[in-house]
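Enquirer: Just dropping this structure here.
The values are calculated or read from the model by the stated rules, or taken from the named source; none is laboratory data. Here the structure is a predicted model, which is why all the values come from computation and not from measurement. Cβ placement follows ideal geometry from the backbone for every residue including glycine, while neighbour counts extend to all protein chains displayed. Ligands, DNA and RNA are excluded from the accessible area calculation, which covers all protein heavy atoms including side chains. Shrake-Rupley method; radii C 1.70, N 1.55, O 1.52, S 1.80 Å.
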Amino acid sequence: DMGDGNGLISTTDFFMPVVDDAFDFGRIAAANAISDVYAMGGKPLLAVAILGWPIDKLSPAIAQQVLEGGRTICEEAGIPLAGGHSIDSAEPFFGLAVNGTVKLNQLKKNNSAQKGDLIFITKPIGVGILSTAQKRKLIKAEEYELLIKQLTTLNKIGALLSSVDGVNAMTDVTGFGLLGHLIEMAEGGDLSASLNYSSIPIIESAKTYLQQRVVPDATYRNWNSYSSQVKFEAGVNVMEAFNILPDPQTNGGLLIAVDKNSAEKLKAIFMEHGLKDFIQPIGNFIEKQEKTIIVQP
């Protein structure tokens with residue numbers, strides 16, 4: 001709280017390479033870090049780089065490509081990459097520490113959903129599966145392009161949704177998958193969530209790779225950690241859903257809880273900013289049940 005009705009958001013995120021291309025790695029890591037500001041309804045202001053580089057194994061010129069990728073995404077977000085810090089490390093890693101601002105009365109939290117709120121998501125899920133296919137050298141060129149596009153797309157819509165009073169809660173879908181972050185949101189409001197599986201946007205090619213048993217290890221870790229809180233109703237393709245819903249995302253979409261009376265306003269913002277494919281709610285929050293998530297067909 002900065003004392004004038006505004007809040008300062010400060011966040012950091014970094015990881016080891018998720019793709020082979022250095023420039024794309026920088027873009028992905030930067031977009032992922034900035035997303036945490038957007039997920040709170042904030043406007044990013046400034047970023048500093050966090051870089052670890054094995055200088056005895058990889059050329060500093062490659063590190064420069066990573067930084068340039070990060071700088072490109074910062075420019076797209078309208079903020080400077082204002083320096084940072086680098087160290088010699090056994091493995092390469094990169095990310096950002098990001099500062100942003102938000103009006104405190106428009107701050108979006110992940111634990112304030114209300115009973116009856118509709119649930120929206122702003123990106124399809126399945127990039128964990130595609131990333132694993134890429135690591136195994138199985139991914140097709142057009143699907144790799146789709147993967148990179150999603151991993152580098154900024155969640156700018158979050159800053160626009162901050163002014164919508166009926167948006168009661170918001171978070172971004174990352175390593176715990178759609179299920180994990182939805183459980184977190186539901187438990188924060190002492191609620192359960194009814195999820196309509198057929199309404200969830202899923203990258204179609206992810207289903208194809210599932211048939212080849214291309215599944216990230218983290219999917220199983222996620223499922224083992226919260227499977228006891230999930231109920232599948234009759235009619236759901238459980239084998240597919242079991243692998244899709246806990247799929248770990250990098251720079252995933254925003255998960256939004258919105259009052260029914262504000263849903264049309266949210267949809268209008270979606271339509272205006274290229275998210276017409278995501279105007280269908282994927283579920284709603286309900287009174288607390290025995291299970292936190294009930295997955296409907």
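Enquirer: Leaving out ligands, DNA and RNA, and with a 1.4 Å probe, what % of the accessible surface on segment 125-233 is carbon or sulfur?
Expert: 46
Enquirer: Right, next: Tell me which lysines have Cα within less than 16 Å of Lys291's Cα, excluding those fewer than 8 residues away on the same chain?
Expert: Result set, ordered by chain and number: Lys115, Lys231.
Enquirer: Here is a further query. Around Asn110, what is the net charge, scoring Lys/Arg as +1 and Asp/Glu as -1 over all other residues with Cβ under 14 Å from its Cβ?
Expert: -4
Enquirer: Which of the GluC sites (Glu not before Pro) found in segment 19-91 are loop residues per DSSP with 12 or fewer other Cβ atoms within 10 Å of their Cβ?
Expert: In loop regions of segment 19-91 (DSSP not H, G, I, E or B), there are no sparsely surrounded GluC sites (Glu not before Pro).
Enquirer: Using mean projected area of the Cα convex hull in nm² as the read-out, say which of [x] 14.5; [y] 15.6; [z] 27.8 was calculated from these coordinates.
Expert: [y]
Enquirer: Note down the magnitude of the dipole of segment 240-297 about its Cα centre, charges +1 on Lys and Arg C-beta and -1 on Asp and Glu C-beta and zero elsewhere, to the nearest 20 debye.
Expert: Here segment 240-297 has a charge dipole of around 140 debye.
Enquirer: Percent relative contact order of the chain, based on C-alpha pairs within less than 8 angstrom and at least six residues apart?
Expert: Reported relative contact order: 26 percent.
Enquirer: Counting DSSP beta bridges with both partners in the chain, what percentage is antiparallel, nearest 5?
Expert: Here the antiparallel bridges make up roughly 70 percent for the chain.
Enquirer: OK, next. Whenever you get a sec, compute what percent of the accessible area on segment 1-100 sits on carbon and sulfur atoms (1.4 Å probe).
Expert: 56
Enquirer: May I ask for the net charge around Asn243, where only other residues with Cβ less than 14 Å from the Cβ of Asn243 are counted and Lys, Arg are +1 while Asp, Glu are -1?
Expert: Values: positive: Lys207, Arg213, Arg221; negative: Asp217, Glu240, Asp247.
It works out to a net charge of 0.
Enquirer: Same structure again: Pulled fully out, how much extra length does the chain show between Glu287 and Ser59, if you take 0.36 nm times their separation in residues and subtract their Cα-Cα distance?
Expert: The span from Glu287 to Ser59 would gain 76.5 nm if fully extended.
Enquirer: Kindly list the residues of segment 154-191 that lie in the label zone of Lys103, defined by a backbone N under 18 Å from the point 7 Å along the Cα-to-C-beta vector.
Expert: In segment 154-191, the label zone of Lys103 (backbone N under 18 Å from the point 7 Å along Cα→Cβ) covers 157-170.
Enquirer: In square angstrom, what is the accessible area per residue of the chain with a 1.4 angstrom probe? Walk me through the intermediate numbers first.
Expert: Values: 13310 Å² over 297 residues.
Ligands and nucleic acids excluded, the figure is 45 Å² per residue.
Enquirer: Which order do the peptides 264-271, 181-188 come out in when sorted by mean C-beta neighbours inside 10 angstrom, highest first?
Expert: Taking the mean over residues of other Cβ atoms within 10 Å, the ranking is 181-188, 264-271.
Enquirer: I'd like to verify something in the chain: which complete DSSP H helices, judged by Cα projection on the helix axis, reach 27 Å or more and average at least -1.0 on the Kyte-Doolittle scale?
Expert: Helix filter hits for the chain: none.
Enquirer: Can you pull the percent of Cα pairs in segment 1-127 with separation above 21 Å? Walk me through the numbers before you get to the answer.
Expert: Values: 3715 of 8001 pairs.
Above the 21 Å cut-off, segment 1-127 has 46 percent of its Cα pairs.
Enquirer: Report the one residue of Gly126, Phe93, Cys74 whose Cα lies farthest in the direction of the positive end of the charge dipole of the chain (charges on C-beta: Lys and Arg +1, Asp and Glu -1; origin at the Cα centre).
Expert: The Cα lying farthest towards the positive end belongs to Gly126.
Enquirer: Full extension from Glu75 to Met16: what is 0.36 nm times the residue separation minus their Cα-Cα distance, to one decimal in nm? Present the calculation step by step, with values, prior to reporting the outcome.
Expert: Numbers: separation 59, 0.36 × 59 = 21.24 nm, distance 2.23 nm.
So the extension gain works out to 19.0 nm.
Enquirer: Let me ask something else. Mind checking the dipole of the chain: about its Cα centre, +1 per Lys or Arg Cβ, -1 per Asp or Glu Cβ, Debye to the nearest 20?
Expert: Dipole magnitude for the chain comes out near 380 debye.
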